[in-house]
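What follows is one structure encoded as structure tokens, with my remarks underneath.
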Amino acid sequence: MDDLDIWAVVPAKEFLLSKTRLSDVLNGQQRQNLCDAMLRDVLSTLSSCVGIAGILVVTRDAEAKKVADEFG
């Protein structure tokens, strides 16, 4: 197996339903913003990795899909 056989699979939960344990300190919009930032960070890091054939984001969330689309 060479490096081009390796794919990164990134699950992304619906932003609205994520990080609920932080609801005492972050409101819904802040938690959604955090999820967006975290997904962008993961995809940015993976995009810079040499030897990964591709990145697959698995999600139902429209916003997460938009972020994934930005990264191709």
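The values are calculated or read from the model by the stated rules, or taken from the named source; none is laboratory data. Predicted model, so just to flag it, every value in this text is computed and none were measured. Heads up, the Cβs are rebuilt from the backbone with ideal geometry, glycines too, and the neighbour counts pull from every protein chain shown. Accessible surface areas use protein heavy atoms only, side chains included; no ligands, DNA or RNA. Shrake-Rupley method; radii C 1.70, N 1.55, O 1.52, S 1.80 Å.
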Requested in this report: Can you work out the PRE-style zone for residue 27? Point 7 Å along Cα to Cβ, and I want the residues of segment 35-72 with backbone N under 18 Å.
Outcome: 35-36
Report summary line: Expected unfolding gain across residue 16-residue 70 under the 0.36 nm per residue rule, minus the alpha-carbon gap, is 17.5 nm
Report task. Over the chain, with every protein chain in place, what whole percent of the accessible area is carbon and sulfur at 1.4 Å, could you tell me? Result -> 55
Requested in this report: On a 0 to 90° scale, report how tilted helix 28-47 is relative to the longest principal axis of the chain, with both axes built from alpha carbons and the result rounded to the nearest 10.
Outcome: 10
Report summary line: Result for the chain: accessible area per residue, probe 1.4 angstrom, in square angstrom, of 73
